[in-house]
Amino acid sequence: MKLTYYPYTLELKQRFTISFHSRLTTPTVMVEIEQDGLTGYGEASLPPYLYENQQSVISFLNKVDLKQFERTENLYAILQYIDEIEEGNNAAKAAVDIALHDLAGKMINVPLYRYLNINIKDDLYSSYTLGISEVKSLKEKIVEAADFKILKVKLGTEDDKKIIKMLRLLTNKPFYVDVNQGWQDKYLALDMINFLKEQNVILVEQPLPMLNLEDTAWLTERSPLPIIADEAVQNLNDLEKIKNIYSGVNIKLMKAGGINKAYRMILKAKQLNLKVMIGCMTESSCAITAASHLSPLADWIDLDGAELISNDLFSGMKIYDGKIIIPEGPGLGVKKLRN
Ligand code: MG
């Protein structure tokens with residue numbers, strides 16, 4: 001097997017760049033693995049709040065030697081080899097893992113979800129993220145999100161109640177709320193969550209700082225809404241630690257280190273009685289489509305990452321009327337749009 005890679009920069013659609021994203025771009029490294037005339041595609045997305053960057057990914061990929069492997073039938077042996085090259089490097093490992101899964105599905109001509117023995121469902125709805133911004137652009141954003149049945153709202157400011165009240169003048173759709181560790185006081189947090197409960201909010205993600213486990217446990221015990229860990233959980237080893245502290249976990253391929261590990265995290269979370277959200281970074285349709293194959297296993301889905309970018313290199317998972325359509329082609333089922 002032959003591995004190649006190239007750095008690529010995702011650009012946010014113009015309309016998202018003005019108000020809620022201070023960053024205009026997200027760096028990635030794209031991976032391709034070839035065998036017998038077939039190509040598997042993978043991607044490492046590298047938002048600046050994670051520890052990896054294009055350089056660290058490339059330096060990891062330079063250590064990967066797939067020449068010793070001739071077939072993807074040994075997928076799990078290859079993944080273990082990748083994992084043992086070096087600690088960490090989860091996004092880099094995710095890129096290789098995604099490409100290998102794509103190739104493995106192509107080799108036996110089945111879509112990834114079938115390769116993984118996952119039954120597809122007809123009610124896979126993704127949320128769509130609205131940022132914090134001024135009232136007038138909130139209105140525009142609600143219009144943009146017309147196709148989606150669930151909206152994700154980022155809170156964590158002084159004006160949280162005001163923002164929700166303004167949004168409620170514009171839409172009745174259910175909200176997922178993501179606080180990104182933005183609340184500091186557990187009593188104020190509980191007060192906010194009681195308010196949100198009355199506002200058709202389904203769940204609250206990462207309300208308190210990730211290191212504040214004691215207050216989070218206190219909050220979860222009293223909260224009328226599920227409290228979901230995002231920043232507090234990076235990978236499989238973190239799940240056990242949060243089982244009595246959060247109600248659920250946001251699992252992302254880039255945090256987990258790829259499809260195999262994310263799948264194992266989902267199973268482990270269920271074992272621990274934790275609810276599962278499958279989420280994403282800003283990613284192209286390559287990694288987003290990979291995550292969509294796992295989405296039938298999740299309680300909640302937040303896979304809007306490719307909707308926000310203007311220079312997607314792939315087409316794959318589609319969203320119609322808020323509903324996720326997983327492609328039927330072999331492997332991920334993505335098509336590369338240009339070279
Ligand atoms: Mg989050």
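Does region 181-190 include one or more residues that are closer than 30 Å to Gly333 by Cβ, open to solvent by less than 60 Å² (accessible area, probe 1.4 Å) and of a type in the set (S, T, N, Q)?
For region 181-190, residues closer than 30 Å to Gly333 by Cβ, open to solvent by less than 60 Å² (accessible area, probe 1.4 Å) and of a type in the set (S, T, N, Q): absent.
Can you tell me which of Glu158, Glu144 is of a type in the set (Asp, Glu) and touching a residue at least 40 places away in the same chain (Cβ under 8 Å)?
On the way: Glu158 fails: touching a residue at least 40 places away in the same chain (Cβ under 8 Å).
Every option except Glu144 fails the conditions.
Mind listing whichever residues of region 282-302 are closer than 24 Å to Thr39 by Cα and either β-branched (Val, Ile, Thr) or not in a helix (DSSP H, G or I) (or both)?
Hits for region 282-302 are Thr282, Glu283, Ser284, Ile288, Thr289, His293, Leu294.
Find all pairs meeting these conditions: Cβ atoms under 9 angstrom apart; at least six residues apart or on different chains; first residue within region 180-191 and of a type in the set (Asp, Glu); second residue within 16 Å of the ligand (Cβ to nearest atom).
As it stands, the answer is Asp185/Leu208, since those pairs meet every condition given.
For residues in region 159-192 being within 16 Å of the ligand (Cβ to nearest atom) and assigned to a helix (DSSP H, G or I), which is modelled with the lowest pLDDT?
Asp160
Within region 127-134, identify whether any single residue is modelled with pLDDT of 95 or more and either surrounded by fewer than 21 Cβ atoms within 10 Å (Cβ to Cβ) or more than 24 Å from the chain's Cα centre (by Cα) (or both), and answer yes or no.
no
Got at least one residue in region 269-277 being over 30 Å from Asp191 (Cα atoms) and either open to solvent by 20 Å² or more (accessible area, probe 1.4 Å) or touching a Leu at 6+ places or on another chain (Cβ under 7 Å) (or both)?
Scanning region 269-277 turns up at least one residue that is over 30 Å from Asp191 (Cα atoms) and either open to solvent by 20 Å² or more (accessible area, probe 1.4 Å) or touching a Leu at 6+ places or on another chain (Cβ under 7 Å) (or both).
Please report, ordered by residue number, the helices (runs of 4 or more DSSP H) entirely within region 46-119 with at least 2 residues that are surrounded by fewer than 12 Cβ atoms within 10 Å (Cβ to Cβ).
In region 46-119, the matching helices (runs of 4 or more DSSP H) lie at 75-85.
Tell me, please, whether a residue that is outside the structural domain of Asp230 (by TED's automatic domain parsing), farther than 30 Å from Glu144 by Cβ and not hydrophobic (A, V, I, L, M, F, W, C) can be found in region 6-20.
Yes, the conditions are met somewhere in region 6-20.
Condition check ((1) under 23 Å from Val276 (Cα atoms); (2) in contact with a helix residue (DSSP H, G or I) (Cβ under 8 Å, 6 or more places away or on another chain); (3) crowded, with 20+ Cβ neighbours inside 10 Å; (4) not small (Gly, Ala, Ser)) across all residues:
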residue	(1), (2), (3), (4)
Glu140	no, yes, no, yes
Ile150	yes, no, no, yes
Lys161	no, yes, no, yes
Leu203	yes, no, yes, yes
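Which condition number does Lys152 fail, the rest of (1) within 23 Å of the chain's Cα centre (by Cα); (2) in a helix (DSSP H, G or I) being met?
(2)
Check whether at least one residue in region 11-24 is modelled with pLDDT of 90 or more and open to solvent by less than 50 Å² (accessible area, probe 1.4 Å), and report yes or no.
No, the conditions are met nowhere in region 11-24.
Given the options Ser295, Ser315, name the one that is open to solvent by 10 Å² or more (accessible area, probe 1.4 Å) and in the same structural domain as Val153 (by TED's automatic domain parsing).
Criteria check complete, one pass: Ser315.
Which count do you get for residues in region 213-227 that are more than 16 Å from the ligand (Cβ to nearest atom) and either open to solvent by less than 40 Å² (accessible area, probe 1.4 Å) or farther than 25 Å from Asn172 by Cβ (or both)? First the steps, then the outcome.
Of all residues in region 213-227, those more than 16 Å from the ligand (Cβ to nearest atom) come to 213-215, 217-224.
Now drop any that are not either open to solvent by less than 40 Å² (accessible area, probe 1.4 Å) or farther than 25 Å from Asn172 by Cβ (or both), which leaves 213-215, 217-223.
Adding up the residues that qualify gives 10.
Specify the residue that is modelled with the highest pLDDT; the eligible residues are those in region 298-312 that are open to solvent by 10 Å² or more (accessible area, probe 1.4 Å) and small (Gly, Ala, Ser).
Here the answer is Ala298.
Would a scan of region 303-313 turn up a residue that is farther than 30 Å from Glu214 by Cα and part of a strand (DSSP E or B)?
Yes; the residues of region 303-313 include at least one that is farther than 30 Å from Glu214 by Cα and part of a strand (DSSP E or B).
The values are calculated or read from the model by the stated rules, or taken from the named source; none is laboratory data. What you see is a predicted model, and the numbers here were worked out from it, not measured in a lab. Ideal geometry is used to build each Cβ from the backbone, glycine not excepted, and the neighbour counts take in all protein chains shown. Just so you know, the surface numbers come from the protein's heavy atoms only, side chains and all, with ligands and any DNA or RNA stripped out. Shrake-Rupley method; radii C 1.70, N 1.55, O 1.52, S 1.80 Å.
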